[in-house]
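Derivation of every value follows stated rules applied to the coordinates shown; laboratory data play no part. What you see is a predicted model; the values in this text were computed from it and never measured. Positions of Cβ are generated from backbone atoms using ideal geometry, with glycine treated the same way; all protein chains shown enter the neighbour counts.
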Amino acid sequence: MTSTPRTQGATIWLTGLPSAGKTTIARLLGDRLKAEGHRVEVLDGDEIRRFLSAGLGFSRADRDTNVQRIGLVSEVLARNGVLSVVPVIAPYADSRDAVRARHEKSSTPYLEVHVATPVEVCSARDVKGLYAQQAAGELTGLTGVDDPYEEPADPSLVLRTQEQTPRESADAVHALLAERGLV
Ligand SMILES: Nc1ncnc2c1ncn2[C@@H]1O[C@H](COP(=O)(O)OP(=O)(O)OP(=O)(O)O)[C@@H](O)[C@H]1O
Ligand SMILES: [Mg+2]
C-alpha cells in the first residue's frame with residue numbers, strides 16, 4: 001500500500017486597507033500553488049461575509065467576530081495540510097493576535113503579510129467605489145479613512161504594491177513560503 005506524504009499546511013493572512021490588493025494577490029498566489037500541486041483554499045472576506053459571517057456588520061465587535069471565525073476555519077484547514085490564503089482586512093491588532101495565538105497552540109504555521117498600499121493609492125484604485133461613497137457622505141466607517149486600521153507591528157512580509165505588479169507581489173509571498181519550507 002502506498003501512502004501520500006503529509007504536506008505541511010499554513011495560514012497566509014493578507015491584511016491591508018480596502019483596494020490594497022489582497023484579493024488580487026491571494027488569487028494569483030492560490031492559482032500558482034494549485035498548479036504546483038498543493039492543497040489550497042482562499043478564504044475571501046467578501047465571500048465569507050455572505051455565509052459564515054452573514055448578519056455581521058462592521059462594528060468593532062462584529063469585525064472581531066468575523067476575523068475569529070475565519071481564523072478558526074483557516075487554522076483547521078492549515079492544521080490538516082492545506083495552504084489557506086486569507087485576504088481579509090482584519091483591522092485590529094488584537095484580533096489578528098488572537099488568530100496567531102490559535103495557530104501557535106496547535107503549532108500550525110501562521111504568516112502575516114501586510115499589503116501596505118498607502119490610503120491615497122487605495123482610494124485612487126477604489127475597486128468597489130467605497131472611498132467615493134465615503135467622500136460623498138453615503139457611507140461611514142471605512143477602514144483607513146473614518147474607521148481604524150492598526151498596522152501590523154511585526155509582519156512576516158510587507159508588500160508595497162504601488163511599486164509592483166500583482167504578479168510580483170504574489171511571487172514575493174511565494175518566496176516567503178519557500179523560505180519557510182512550506183512549499
Ligand atoms: N502589486 C499589486 N498587487 C495587488 N493588486 C494590485 C497591484 N498593483 C495594482 N493592483 C490593483 O489594485 C486593485 C486591488 O483590488 P483588490 O480587490 O485585490 O483589493 P482588496 O485588498 O481585496 O480590497 P477589499 O478589501 O475591498 O476586498 C486591483 O485592481 C489590482 O489590479
Ligand atoms: Mg478583497
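Laid out as a table, the results:
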| item | result |
| --- | --- |
| Quarter of Cα convex hull surface for the range 102-173, i.e. mean projection, nm² | 6.3 nm² |
| Extreme residue, positive dipole direction of the chain, given options Ser123, Thr65, Gly16 (C-beta unit charges) | Thr65 |
| In the range 9-106, the GluC sites (Glu not before Pro) that fall in loop regions by DSSP, at most 12 other Cβ within 10 Å | Glu36 |
| Sum of side-chain charges, Leu43 neighbourhood, beta-carbon under 14 Å (Lys, Arg +1; Asp, Glu -1) | +1 |
| For the range 10-177, radius of gyration divided by Kirkwood radius, i.e. Rg to Rh on alpha-carbons | 0.95 |
| Within the chain, longest stretch free of exposed trypsin sites (Lys or Arg not before Pro) [DSSP loop, at most 16 other beta carbons within 10 Å] | 40-127 |
| In nm, spacing of pseudo-spin labels at Asp126 and Ala98 (7 Å Cα→C-beta vector) | 3.4 nm |
| Other-chain or far-sequence residues with amide H under 5 Å of Gly9's (modelled H) | Gly81, Val82 |
| Residues Leu52 and Ala153, FRET efficiency given R0 of 25 Å [Cβ-Cβ distance, rounded to 0.05] | 0.35 |
